[in-house]
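Everything below concerns the one structure shown next.
None of the figures in this text is laboratory data; all of them are computed from the coordinates on show. These numbers come from a predicted model, not from an experiment. Here the Cβ positions follow ideal geometry from the backbone for every residue, glycine too, while neighbour counts run over all protein chains shown.
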Amino acid sequence: MKNQEIESGQKAASKGLRAIHGPHLRTLEALFRHPTAHNLEWMDVVALIEKIGVVHQKADNKFALEVDGEHLLMHKPHTKDLTSSEVVDLRHFLLRAGWSPESPSQAAARPEPAAPSLMVVVDHHGARIYRIDVASADASKREITPYDPHHFLHHLTHKGQSREQGQRAPEDADFYKKIADAVAAGGRIVVVGHGTGKSNAAEHLTQYLRTHHRETYQRIVREIEADLSATTIPQLLELAEQALGPPS
């Protein structure tokens, strides 16, 4: 009986996916737009999730979203429009559930990667990559260590950084390619960036991965904005724990 229920649910999900069109499809496309959309309305997102999954309203303006076995807990935005970070969280939630404008099809079961979780800390000056592991002394905590699989990437310098009047040269694709190569063998990825818009190297990195390294892009679980000029290693670890959740 249970197998029949699962099969029935899968067929229902498939039918729902094929039914996406009009405003729901436009909302899905807006969630994956680069640069990140700044006029995406909360009620449109709720309508999309209700079409393809389930939305539960909880206390304190919290909403539990569920699509194809994936879950996301969100606060209702203070305004009608979502912030950039909320759009990114929804984007990766939908990717984990198997949804994107390119492939709106039933999610395939993807096991949790056995490879280490990684954190990429990137701005237009350079990049640092860290490995996030369960602490050897306490399985309920994590530890952070530099990750340099190719022995040259602990601090990767952005060659396009201009020293004249503080301006930058055009983006150096090789800079992002080396980051992509370094994290290719990893598991879940947390990206920490500094700045907004064209000055946000993290945004350029995720767009590069989305275009050239789709599988790696889909392993990004969170993009975080932080003041990298003052962020300490313990603070980076705290950000990683917030993004990855408790150790399993």
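Points worth noting:
- Other residues with beta-carbon under 10 Å from the beta-carbon of PRO146 carry, at +1 per Lys or Arg and -1 per Asp or Glu, a net charge of +1.
- Highest mean packing first, where packing is the average number of other Cβ atoms within 10 Å per residue, the peptides 116-125, 226-235 line up as 116-125, 226-235.
- Computed E for ALA230/ASP148 - FRET, C-beta separation, R0 25 angstrom, nearest 0.05: 0.60
- Length gained on full extension, GLU29 to THR83: 17.8 nm, using 0.36 nm per residue less the C-alpha separation.
- Protection-proxy order for peptides 133-140, 87-94, each taking the mean of Cβ atoms within 10 Å per residue, highest first: 87-94, 133-140
- Long-range HN-HN contacts of HIS124 with modeled amide H, under 5 Å: ALA201
- Of interest is the spacing of the C-alpha centroids, which for region 24-103 and region 180-248 amounts to 19 Å.
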